[in-house]
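Everything below concerns the one structure shown next.
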Amino acid sequence: MRVYFNKHSFEVVTARTGVEAKRLVEEVPFSLVILDIMLAESDGIAILSELKEAYPQLPIVIMTGIGFDEKLLSQALLNGAAAYVSKTLPLDQLLIEIKRVLDH
């Protein structure tokens, strides 16, 4: 994913954990965050909520490998997610969704 988005003029920074993601957001001004809903050591919805509380204007796209789940979608949107996408979404479609979120 990093290579694909770099080719499309996006700078990509990755975090392996929710704690690392929160630290990076505190240190670096991001235009957008793509956040996995299922994190090894923490809950993606909880991280989303914490990030939106601290940075309400930061668009966050929730990414999930479990497909469409209406309950998770609802939780993500209620907690401030700008979009909810599947990991199986082709990268071209993910790029379109990211551009939509950034242009909004």
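Residues of the stretch 57-87 that are exposed (fewer than 11 other Cβ atoms within 10 Å of the Cβ) and either among the aromatic types (Phe, Trp, Tyr) or under 15 Å from Met1 (Cβ atoms) (or both): Gly65, Phe68. When the stretch 89-104 is filtered for residues that are over 14 Å from Asp36 (Cα atoms) and assigned to a loop (DSSP other than H, G, I, E, B), the ones remaining, listed by number, are Pro90, His104. Count of the stretch 1-24 residues, restricted to those that are over 20 Å from Leu89 (Cβ atoms), of a type in the set (A, V, I, L, M) and over 14 Å from the mean Cα position of the chain (by Cα), is 1. Hey, does the stretch 62-76 have a residue that's small (Gly, Ala, Ser) and either touching a Phe, Trp or Tyr at 6+ places or on another chain (Cβ under 6 Å) or modelled with pLDDT of 90 or more (or both)? Among the residues of the stretch 62-76, at least one is small (Gly, Ala, Ser) and either touching a Phe, Trp or Tyr at 6+ places or on another chain (Cβ under 6 Å) or modelled with pLDDT of 90 or more (or both), which makes the answer yes.
For the stretch 44-56, the set of residues classified as charged (D, E, K, R) and surrounded by 13 or more Cβ atoms within 10 Å (Cβ to Cβ) consists of Glu50, Lys52, listed by residue number. Is one or more of the residues making up the stretch 75-88 charged (D, E, K, R), under 20 Å from Ala15 (Cα atoms) and either in a loop (DSSP other than H, G, I, E, B) or out of contact with any Pro (no Cβ under 6 Å at 6 or more places or on another chain) (or both)? Checking the stretch 75-88: at least one residue is charged (D, E, K, R), under 20 Å from Ala15 (Cα atoms) and either in a loop (DSSP other than H, G, I, E, B) or out of contact with any Pro (no Cβ under 6 Å at 6 or more places or on another chain) (or both).
Table: residues versus (1) within 19 Å of Arg16 (Cα to Cα); (2) among the aliphatic types (A, V, I, L, M).
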| site | (1), (2) |
| --- | --- |
| Asp36 | yes, no |
| Glu41 | yes, no |
| Ile47 | yes, yes |
| Lys52 | no, no |
| Gln57 | no, no |
| Met63 | yes, yes |
| Lys71 | no, no |
| Leu77 | no, yes |
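Scanning the stretch 14-43 for residues that are assigned to a loop (DSSP other than H, G, I, E, B), without any contact (Cβ under 8 Å) to a residue 60 or more places away in the chain and loosely packed, with under 13 Cβ neighbours inside 10 Å returns Thr14, Arg16, Val28, Pro29, Ala40, Glu41.
The values are calculated or read from the model by the stated rules, or taken from the named source; none is laboratory data. Computed from a predicted structure; not experimentally measured. Reconstructed Cβ throughout: ideal geometry from the backbone, glycine too, with neighbour counts over all protein chains shown.
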